[in-house]
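The values are calculated or read from the model by the stated rules, or taken from the named source; none is laboratory data. Being a predicted model, the structure only gives us computed values, none of them experimental. Backbone-built Cβ (ideal geometry, glycine too); neighbour counts: all protein chains shown. Surface accessibility is based on the protein's heavy atoms, side chains included, excluding ligands, DNA and RNA. Shrake-Rupley method; radii C 1.70, N 1.55, O 1.52, S 1.80 Å.
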Amino acid sequence: MAKVKSKWVCQNCGYETASYLGKCPDCGRFSTFVEEIIQEKSEVKSKNSSMNIGSTETFSYTKINEVKVDTSIRITSGMEEFDRVLGGGFVEGSLCLLAGDPGIGKSTLILQTAKNIASQNKKILYICAEESTSQVKLRAERLNANSENIYVTQQNCLEEIIKQIENLKPEFLVVDSIQSVFSAQILSSTGSVSQIRECTNILMRIAKQFNVTTVIIGHVTKEGNIAGPKVLEHMVDCVLNFEGEKYKTTRILRGIKNRFGAVSEVGVFNMEDIGLVEIKNPSELFLSDRENLTTSGSTVIATLEGTRCLLLEVQALTGSTPYPNPRRVARGIEYDRLLQILAVLEKRVGLNLSKSDVYINVIGGIDIVEPAADLGVALAVLTSARDTVINKDTVCLGEIGLNGEIRSVDNLEARLKEAYKLGFIRAVVPKINNKTIKERILKIGIQIFEVSKISDAIKIAILN
Ligand code: TYD
Ligand code: MG
């Protein structure tokens, strides 16, 4: 008997090697390698050809200026927050990956979307690969999604799923979840990188061939022993991350990749008894606990998430440490960014925190990735350390350079407009060099204090 050949595949990033490795040289994770059987190429080919997917016998090429592209046919999800992240709805025939931690609400979001699409008289096929149809039915009852246009089937085998698609010809397809689907042509186990990759590949072709708009749900796991959706990102048209804190009801839908629209847009939802409820003005929600709050270590910043501006509260807590090495905890901002800000505060302002723990928390569970929040973080730390407060009607914006200089931020006008709309009357901002922008900002009505150094910002923010 011929020897079965195998390879070792990192279940996090898909890196392949001939032998077991403890640490993946590509993504750096430990214990993620799983042995998978190498399939004979001819075997896969013959099986594939029998499926008749994407097998075009005739060659066809078109001049690029004659190619007709129609990304204008969009299917609305029925939720403004969702549509914005998609860039105006699902593009017909596209394949979208919805990724998130287990239990975050992916199935709920998609079932609500299915309900809205069904009400537009479109046929939906919901593949329940990990739950039973009765479980999905119970959820549908809760969400009031008992539509006659939604067809459910409990199926894990990709070849069977394809037959059902061919038979039903749905306009919208949901695969919940991709980790539970397997192709009979792949020898490795369900949920392995090879299975997920191949199933997604085939679903992508099916989406284009039958012009069925497809959403595949993928779990993100921290351990990496089940393949993460990371390996799929480059294949699909659109990647959406559904995020939220375990014990909070706020959920954030974030566009990571979008072939048909802008990325980094966010949609905000609240998980309630009746499903996910859109939050049209998240800043109000995130700042609501702040009313009448006058404790030290709290500032408000305005961050841009795609086209929308969000006002968020940054909290800091400092105190003498009982540990030999003081603790630095950053939730909502990058850890390295916090260390840099603390270093600048020590060197340029003389704030010594070498014997203090520093905790930072951005309220609302949003991760701020842009440096425009630096000034807000620095002032939160400083007010906590000195036990003073910043006027609660002030918003602070600016990137802090290593020399303690305050650098400009993008789209200051939009940020200040949003802040003013929410009742902030003062803003500490970097120097505005562009005359026309300055004129426009002055017209907003918010009082601006331009600063060029961290020490100036401290004087102004704390005295005013
Ligand atoms: P679910 O959509 O099953 O999560 P996922 O598919 O990402 O694993 O949702 C799981 C949680 O959502 C579950 O703990 C219950 C809660 N939930 C609500 O709070 N309200 C609802 O209307 C529904 C359907 C679920
Ligand atoms: Mg689910």
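Here are the numbers for the structure shown:
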{"read-out": "Hits in the range 129-158 - residues which are assigned to a loop (DSSP other than H, G, I, E, B), closer than 22 Å to residue 199 by Cβ and either among the charged types (D, E, K, R) or within 14 Å of ligand 2 (Cβ to nearest atom) (or both)", "value": "129, 130, 131, 132"}
{"read-out": "Filtered residue count, the range 318-371, keeping only those that are open to solvent by 80 Å² or more (accessible area, probe 1.4 Å), within 30 Å of the chain's Cα centre (by Cα) and within 17 Å of residue 401 (Cβ to Cβ)", "value": "2"}
{"read-out": "Any hit, the range 197-213, residues being outside any strand (DSSP E or B), within 16 Å of ligand 2 (Cβ to nearest atom) and open to solvent by 10 Å² or more (accessible area, probe 1.4 Å)", "value": "no"}
{"read-out": "Residue check for residue 308: under 26 Å from residue 84 (Cα atoms) and at pLDDT 85 or above", "value": "no"}
{"read-out": "Close pairs (6 angstrom Cβ cut-off, 6 or more residues apart or separate chains): under 24 Å from residue 94 (Cα atoms) and outside any loop (DSSP other than H, G, I, E, B) in the range 174-192, polar (S, T, N, Q) and open to solvent by less than 10 Å² (accessible area, probe 1.4 Å) anywhere", "value": "182/195"}
{"read-out": "Condition met for residue 295 (part of a loop (DSSP other than H, G, I, E, B) and either in contact with a helix residue (DSSP H, G or I) (Cβ under 9 Å, 6 or more places away or on another chain) or open to solvent by 50 Å² or more (accessible area, probe 1.4 Å) (or both))", "value": "yes"}
{"read-out": "Any hit, the range 255-271, residues being within 16 Å of ligand 1 (Cβ to nearest atom) and open to solvent by 10 Å² or more (accessible area, probe 1.4 Å)", "value": "yes"}
{"read-out": "Residue list for the range 414-433, filter: farther than 30 Å from residue 347 by Cβ, open to solvent by 50 Å² or more (accessible area, probe 1.4 Å) and not hydrophobic (A, V, I, L, M, F, W, C)", "value": "417, 420, 421"}
{"read-out": "Flag if residue 246 is modelled with pLDDT under 90 and within 16 Å of ligand 2 (Cβ to nearest atom)", "value": "yes"}
{"read-out": "Count - residues of the range 107-128 that are open to solvent by less than 10 Å² (accessible area, probe 1.4 Å), under 20 Å from residue 199 (Cβ atoms) and within 13 Å of ligand 1 (Cβ to nearest atom)", "value": "3"}
